[in-house]
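The values are calculated or read from the model by the stated rules, or taken from the named source; none is laboratory data. Predicted model only: the values in this text are computed from it and were never measured. Every residue, glycine as well, gets a Cβ built from its backbone with ideal geometry; the counts of neighbours run over all protein chains shown.
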Amino acid sequence: MPKSMYENLGVDPNKTIVRQSFKDIIDNEYPGAFVNIVTDPTNKRRVITQHQDGDGSKFVQRLLHYYEFGDDTIFEGMVDDAVSMNTGDIAASGFVFGPWLMTDVLNLNLNPELKEIVMKAVARRFSVLADLYYRRGFDIKFLGGETADLKDQVRSGVFDIAVTAWAKKFEVVTGNVKPGDVILGLHSDACAVWEQERNSGIMSNGLTLARSCLMDTSYNEKYPTLKRDGIFYKGRFKPNDKPKVLRGMSVGDAILSPTRHWAFVIREILIELKSIKALHLLHGISMNTGGGATKIAHVGNGVCYVKEMPTPSPIFQLIQQESKETWENMFVNFNCGIGIDIVGENKPELAYAVQTAAHSCGIAFARLGKVIAASGIKPGNEVNLKTPYGEFLY
């Protein structure tokens with residue numbers, strides 16, 4: 001497959017280099033699971049994971065929005081993105097019942113006034129989110145972190161969070177996927193019950209391509225510190241523009257829609273399965289961030305995921321329309337409307353649990369497809385996407 005436009009902007013959507021570089025030194029006792037997991041050395045009946053992620057280049061888009069409109073609340077969303085990019089991933093391996101320790105790292109190249117605005121916004125949103133997670137049954141302890149002024153290393157700002165979590169061994173979603181399993185999906189767009197506004201579903205990957213192809217070319221001169229050398233902004237939209245395809249949502253709101261807090265719905269699914277003693281029916285979960293609709297390839301071993309994808313959400317249609325990226329690459333760069341894949345035995349109890357949890361959270365549910373044995377043509381798992389724009393094998 002030829003290089004995508006996303007890759008040509010300097011981003012590795014599948015983190016291929018990272019995986020190849022570190023695969024031989026990482027400790028992981030559950031290679032089929034979604035995150036790396038080891039036994040707790042102080043309690044052999046428990047396991048530990050640690051995960052780090054952030055809001056990516058959304059921080060740059062927030063700065064553009066702030067410079068345009070002076071709205072300092074725009075920085076609060078960076079906490080939602082950074083938190084959910086971590087909690088969603090660890091929840092996908094079953095870490096939803098034990099304690100979580102959370103720290104943050106904020107690396108900045110901002111003037112003192114703007115630095116204070118950003119830090120206060122982070123503190124405000126952390127407080128709100130901690131309460132929201134607590135009310136949904138999560139035990140989070142925030143231990144602070146690191147804030148650094150890196151004038152020579154960072155152009156604007158980078159916000160990352162690390163989470164350490166514990167779970168009982170029987171709670172781990174191990175990735176024991178097998179041929180014959182069913183694939184269910186949860187939509188990333190619309191409005192979950194805890195969300196205040198409609199979500200575009202973009203989550204927090206692919207933003208470099210989205211910003212480049214959508215934001216107006218005038219921003220290259222107006223905000224030179226918000227881009228790399230050369231012509232980065234190649235689009236025709238201002239943040240408040242509302243192209244017809246977005247159905248009333250502005251481009252700025254669509255790009256900055258927060259990554260959904262998938263841990264909430266995953267916890268509901270696990271509670272439902274536990275209540276009917278059917279946790280064993282659940283074999284794997286994928287949060288479709290880096291790698292998009294193909295991210296599920298990192299779950300399980302020796303299988304091919306055959307998924308029939310629905311029409312992508314409006315934001316992805318707009319990005320493809322403006323960038324002219326191939327749809328084959330779009331499904332790697334973005335989740336394209338399905339934020340979570342759930343895999344397990346083709347039993348009504350599993351589908352009922354997922355559908356019940358999705359309904360209680362206000363999230364649309366989809367039956368996507370099935371698991372078959374991998375062809376063996378290439379190493380690792382395969383993903384076969386049947387989309388409105390063609391069939392693609394990854």
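Looking at (1) at pLDDT below 95; (2) not in a loop (DSSP other than H, G, I, E, B), which is the one condition that is false for residue 68?
(1)
Among the residues that make up the stretch 85-100, is at least one of them among the hydrophobic types (A, V, I, L, M, F, W, C), surrounded by 20 or more Cβ atoms within 10 Å (Cβ to Cβ) and assigned to a strand (DSSP E or B)?
yes
Picking from 170, 159, 142, which residue would you name as being part of a helix (DSSP H, G or I) and either under 23 Å from residue 208 (Cα atoms) or aromatic (Phe, Trp, Tyr) (or both)?
Result: 170 is the single residue among 170, 159, 142 that is part of a helix (DSSP H, G or I) and either under 23 Å from residue 208 (Cα atoms) or aromatic (Phe, Trp, Tyr) (or both).
Within the stretch 36-64, which residues are over 17 Å from the mean Cα position of the chain (by Cα) and assigned to a strand (DSSP E or B)?
Once the filter is applied, which keeps residues that are over 17 Å from the mean Cα position of the chain (by Cα) and assigned to a strand (DSSP E or B), the stretch 36-64 yields 38, 39, 46, 47, 48, 49.
Name every residue in the stretch 36-53 that is crowded, with 18+ Cβ neighbours inside 10 Å and not acidic (Asp, Glu), in order of residue number.
Within the stretch 36-53, 37, 47, 48, 49, 51 meet the criteria.
Kindly indicate whether any position in the stretch 325-338 is of a type in the set (Ser, Thr, Tyr) and at pLDDT 95 or above. Show your work before the answer.
First, pick out the residues of the stretch 325-338 that are of a type in the set (Ser, Thr, Tyr): 326.
Pick out the ones that are also at pLDDT 95 or above and you get 326.
Yes; the residues of the stretch 325-338 include at least one that is of a type in the set (Ser, Thr, Tyr) and at pLDDT 95 or above.
Would the stretch 16-35 turn up any residue that is surrounded by 11 or more Cβ atoms within 10 Å (Cβ to Cβ), of a type outside the set (S, T, N, Q), assigned to a strand (DSSP E or B) and modelled with pLDDT of 95 or more?
No, every residue in the stretch 16-35 fails to be surrounded by 11 or more Cβ atoms within 10 Å (Cβ to Cβ), of a type outside the set (S, T, N, Q), assigned to a strand (DSSP E or B) and modelled with pLDDT of 95 or more.
Residue pairs, Cβ under 7 Å, 6 or more apart or interchain, first in the stretch 309-333 and aromatic (Phe, Trp, Tyr), second part of a helix (DSSP H, G or I). List them.
What qualifies is 316/330; 327/320; 331/292; 331/293; 331/294.
Which is among the acidic types (Asp, Glu), modelled with pLDDT under 95 and over 24 Å from residue 338 (Cβ atoms), of 160, 216, 229, 131? Spell out the reasoning first.
On the way: 160 fails: modelled with pLDDT under 95; 216 fails: modelled with pLDDT under 95; 131 fails: modelled with pLDDT under 95.
So the residue among 160, 216, 229, 131 that is among the acidic types (Asp, Glu), modelled with pLDDT under 95 and over 24 Å from residue 338 (Cβ atoms) is 229.
Within the group 153, 196, which residue is more than 25 Å from the chain's Cα centre (by Cα) and either within 23 Å of residue 121 (Cα to Cα) or not charged (D, E, K, R) (or both)? Break it down into steps so the answer makes sense when it comes.
On the way: 196 fails: more than 25 Å from the chain's Cα centre (by Cα).
Result of the check over 153, 196: 153.
Any residue in the stretch 341-362 that is acidic (Asp, Glu) sitting within a Cβ distance under 6 Å of a residue that is outside any strand (DSSP E or B) and buried (at least 22 other Cβ atoms within 10 Å of the Cβ)? List the pairs, counting only those 6 or more apart or interchain.
Hits for this filter: 341/296.
Out of the stretch 359-381, which residues are more than 23 Å from residue 298 (Cβ to Cβ) and either among the aliphatic types (A, V, I, L, M) or in contact with a His (Cβ under 7 Å, 6 or more places away or on another chain) (or both)?
364
Residue pairs, Cβ under 6 Å, 6 or more apart or interchain, first in the stretch 38-55 and at pLDDT 95 or above and of a type in the set (Ser, Thr, Tyr), second surrounded by 21 or more Cβ atoms within 10 Å (Cβ to Cβ) and in a strand (DSSP E or B). List them.
39/47; 49/165
When residues of the stretch 232-250 are filtered for being surrounded by 13 or more Cβ atoms within 10 Å (Cβ to Cβ) and assigned to a loop (DSSP other than H, G, I, E, B), how many remain?
11
Please return the ranges of strands (runs of 3 or more DSSP E) entirely within the stretch 274-379 where 3 or more residues are within 30 Å of residue 244 (Cβ to Cβ) and over 16 Å from the mean Cα position of the chain (by Cα).
Strands (runs of 3 or more DSSP E) meeting the threshold: 365-373.
Answer yes or no as to whether residue 115 is surrounded by 14 or more Cβ atoms within 10 Å (Cβ to Cβ) and among the basic types (Lys, Arg).
So residue 115 fits the description; yes.
Okay, residues lined up against (1) of a type in the set (A, V, I, L, M); (2) crowded, with 21+ Cβ neighbours inside 10 Å; (3) farther than 19 Å from residue 271 by Cβ:
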{"position": "321", "(1), (2), (3)": "no, no, yes"}
{"position": "332", "(1), (2), (3)": "yes, yes, yes"}
{"position": "340", "(1), (2), (3)": "yes, yes, no"}
{"position": "347", "(1), (2), (3)": "no, no, no"}
{"position": "353", "(1), (2), (3)": "yes, yes, no"}
{"position": "359", "(1), (2), (3)": "no, no, no"}
{"position": "380", "(1), (2), (3)": "no, no, yes"}
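Mind telling me which of the residues 181, 229, 253, 189 ends up being in contact (Cβ under 8 Å) with a residue 40 or more places away in the chain, surrounded by fewer than 21 Cβ atoms within 10 Å (Cβ to Cβ) and not hydrophobic (A, V, I, L, M, F, W, C)? Let's see the steps before the verdict.
Working: 181 fails: surrounded by fewer than 21 Cβ atoms within 10 Å (Cβ to Cβ); 229 fails: in contact (Cβ under 8 Å) with a residue 40 or more places away in the chain; 189 fails: surrounded by fewer than 21 Cβ atoms within 10 Å (Cβ to Cβ).
Unique residue meeting the criteria: 253.
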